[in-house]
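Down below is the structure, laid out as structure tokens.
The values are calculated or read from the model by the stated rules, or taken from the named source; none is laboratory data. These figures come from a predicted structure and were not determined experimentally. Methodologically, a virtual Cβ is constructed for each residue, glycine included, from the backbone with ideal geometry; neighbour enumeration extends over all protein chains shown. Remember, those area values only see protein heavy atoms, side chains included, never the ligands or the DNA or RNA. Shrake-Rupley method; radii C 1.70, N 1.55, O 1.52, S 1.80 Å.
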Amino acid sequence: MSSPIEACGWIVNGDVLVNIPVAAPDLSGNEERYVVEAIRSSWISSTGPFIQRFEREFAELCGAGAAIAVCNGTVALHLALLALDVRPGDEVLVPSLTYIATANAVRYVGAEPVFVDVDPATWCIDPARLEARITRRTKGIIPVDLYGHPADMDAINHIAAVHGLWVVEDAAEAHLARYKGRPTGGLASISTFSFYGNKIFTCGEGGVLTVSNPQLEMRIRTLRGQGMDPQRRYFFPVTGYNFRLTNVACAMLCAQFERRNEIIAKRERIFARYRELLDGIPGIGFQPVAAWAQPAPWLFCITVDERAFGRTRDELMHALAAAGIDTRPFFIPLHSLPPFREESARRGERLPVTDTLSCGGMNLPTYGALTEQDIVRIAEIVRKSRR
Ligand SMILES: Cc1ncc(COP(=O)(O)O)c(C=O)c1O
């Protein structure tokens, strides 16, 4: 089998890797064996033992009543909003500094995302700014655990309870993160995760919802499977969707969760090395970590302050790219993108923390197979790029 990096399509010259991707999956355990097992058993669609095993294990890891596997993280958000009966005319509070799927899902059900700035101490939706944005139309809040750092869920849940709102935690990037010692996935009405290829745990395309309310669980399971009555085959009381995940995909996830401690520990070591090697470079900042947070080590983040560093974030990205090192800029604020900017301007939204982070932030390569040599080389280029 080719290496995970080759499988990702990165350029390999003989044995010499000439390109460092920003992310790569770790499929070095029982992934191949379990996928072959799923194929040989002929359980290749959305029924099979790996689905049951994955859903059981993931729910346990999140401290949630149930986990429901779906075909990607966007679908997980969409399904959560369908299950909560979000409708046209409703408003949902979301951060603007996130992947577009968070706001797209709100639009899928005809509702409107209302953008709230992030807290500089967490880079996640700022609980102190929520109440000012609640209207009679507001139905819920979707905090995003940005770049693996959990949002301040107690504060958000408190505001939601006072105003009768639901909370859906978009934990797509925050696998096995902890908030005040509790795992993400058990802290909101519903939580959603992505298993896209750049995530810590991946099956290429995949997602999951976690939920503890049995009625909501039943609604989600029904809507995921074309709306079929779980007690009566081929009877469809509601219009549902085919949002299921396959047994083959779950085989990959089961194999990775067997090695979850090793996978997380490797990435934590990479985070620690980056911090050691980049510490003290004027103009380079790190992702803050709240005292109560144990973030998931997804993609290592730095911020570039142009005045102190002497170069812009984009110039640093180009310098790294010239050395064959791939990086990613932070998300472009959603309130500035064509599908959302007019509505956002009409509401007069100003999101200065989001705007500043988005312009200066970038992700460095983070994956288990990244070597000490790679990290030292990346850090050296960052250090030497300063003017
Ligand atoms: C915060 C966030 N929400 C939702 C998603 C959507 O997940 P998927 O790509 O699996 O549809 C992603 C990304 O992949 C994400 O980063």
Quiz item: What is the number of the single condition among (1) in contact with a helix residue (DSSP H, G or I) (Cβ under 8 Å, 6 or more places away or on another chain); (2) exposed (fewer than 15 other Cβ atoms within 10 Å of the Cβ) that GLU268 does not meet?
Solution: (1)
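Could you check the stretch 351-370 and list, in sequence order, the residues that are without any contact (Cβ under 8 Å) to a residue 40 or more places away in the chain and touching a helix residue (DSSP H, G or I) at 6+ places or on another chain (Cβ under 9 Å)?
ASP355
Look at the stretch 72-86 and say how many of its residues are more than 12 Å from the ligand (Cβ to nearest atom) and touching a strand residue (DSSP E or B) at 6+ places or on another chain (Cβ under 8 Å). Steps first, answer last, please.
Our first condition is that a residue be more than 12 Å from the ligand (Cβ to nearest atom); within the stretch 72-86, this holds for 81-86.
If we keep only those that are touching a strand residue (DSSP E or B) at 6+ places or on another chain (Cβ under 8 Å) as well, we get 81, 83-84, 86.
Residues meeting the conditions: 4.
So, in the stretch 105-116, how many residues would count as being touching a residue at least 60 places away in the same chain (Cβ under 8 Å) and surrounded by fewer than 21 Cβ atoms within 10 Å (Cβ to Cβ)? Step through it out loud before you land on a result.
Our first condition is that a residue be touching a residue at least 60 places away in the same chain (Cβ under 8 Å); within the stretch 105-116, this holds for 107, 112-116.
Next, from what is left, pick out any that are surrounded by fewer than 21 Cβ atoms within 10 Å (Cβ to Cβ): 107, 112.
The qualifying residues number 2.
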Quiz item: Got a sec? Which helices (runs of 4 or more DSSP H) wholly within the stretch 255-357 have at least 2 residues that are closer than 17 Å to LYS199 by Cβ?
Solution: 260-278
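How do the strands (runs of 3 or more DSSP E) wholly within the stretch 105-206 filter down when requiring 2 or more residues that are under 30 Å from LEU27 (Cα atoms) and within 12 Å of the chain's Cα centre (by Cα): which remain? Full working, then the answer.
Working: elements: 112-116, 138-141, 166-170, 190-194.
The strands (runs of 3 or more DSSP E) meeting that bar are 166-170, 190-194.
Answer yes or no as to whether PHE193 is within 16 Å of the ligand (Cβ to nearest atom), aromatic (Phe, Trp, Tyr), farther than 22 Å from ILE270 by Cα and surrounded by 19 or more Cβ atoms within 10 Å (Cβ to Cβ).
yes
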Quiz item: Which ones in the stretch 77-100 are within 18 Å of TYR147 (Cα to Cα) and either open to solvent by less than 10 Å² (accessible area, probe 1.4 Å) or in contact with a Gly (Cβ under 6 Å, 6 or more places away or on another chain) (or both)?
Solution: LEU77, VAL94, PRO95, SER96, LEU97, THR98
Quiz item: What number of residues within the stretch 60-89 satisfy the criterion of being closer than 15 Å to SER189 by Cβ, part of a loop (DSSP other than H, G, I, E, B) and either of a type in the set (Lys, Arg) or touching a residue at least 12 places away in the same chain (Cβ under 8 Å) (or both)?
Solution: 5
